[in-house]
Amino acid sequence: MSIRFTQSFKIQAVEKALSRSKETKLKQIAESLGVGYSTLERWIVQSRNQQFEPVAGQALLSPSIMTQEKRPQDWSIEKRLNLVITCASLDAESISELCRKNGLYPHHIKQWKLDIVNGNTMNKSDKKQAEMKVLRHENKALKKELNRKEKALAETAALLVLQKKVNLIWGNGEDNSQ
């Protein structure tokens, strides 16, 4: 038995798939929607090729959504700075219109301006990557030190065992002096 999905469901599923976070896998979204992974992939391809038919009262996916335009937090520093500079000479209404065209909200522009002024220009993902790099380096150094200490401990244990064997074979130095 095959299940038929409505056109609007397919469009919403594709929108959800394309607007997912980096951590969310396409397979997880397919499972949450109750559709097969390959089915969802096929719908995405169809929507990129503009093969979905318009549904009354619902617009088709815009080409900007179909190219999986970046979320505001994924914008590069250069693009953020250019947009902040562009918005500096605009009034609130023009800023809102520009934000709508770019899939943003005016508060994103304000936050980016504050970040640039305060020197906090790294993306969250850039910060995470930098933190991960530092943690990997620390982890590598700690593993190296641990390995060195384990070798030293093994060597000390071997020396103790040998010392005990020598003492058993030759006796303690105290026994020979009497």
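Brief remarks follow.
- Qualifying residue in the stretch 17-26 (condition: modelled with pLDDT under 80 and of a type in the set (Lys, Arg)): yes
- Search result, residues across the stretch 1-22 that are part of a helix (DSSP H, G or I) and farther than 21 Å from ARG71 by Cα: GLN7, SER8, PHE9, LYS10
- Filter result for LEU146 (outside the structural domain of GLU78 (by TED's automatic domain parsing) and surrounded by 10 or more Cβ atoms within 10 Å (Cβ to Cβ)): yes
- Test set (1) more than 30 Å from SER8 (Cβ to Cβ); (2) at pLDDT below 80 - LEU81 fails condition number: (2)
- The stretch 23-53, residues that are part of a loop (DSSP other than H, G, I, E, B) and more than 25 Å from ASP74 (Cβ to Cβ): GLY34, VAL35, GLY36, GLN51, PHE52, GLU53
- First in the stretch 68-82 and assigned by TED's automatic domain parsing to the domain that holds HIS108, second anywhere and at pLDDT below 80 and of a type in the set (A, V, I, L, M, F, W, C), Cβ under 9 Å, 6 or more apart: ILE77/MET122
- Residue check for CYS99: at pLDDT 80 or above, within 25 Å of the chain's Cα centre (by Cα) and surrounded by 14 or more Cβ atoms within 10 Å (Cβ to Cβ): yes
The values are calculated or read from the model by the stated rules, or taken from the named source; none is laboratory data. From a predicted model like this one, the values you see are computed outputs, not experimental measurements. Every residue, glycine among them, receives a Cβ derived from its backbone with ideal geometry; neighbour counts consider all protein chains shown.
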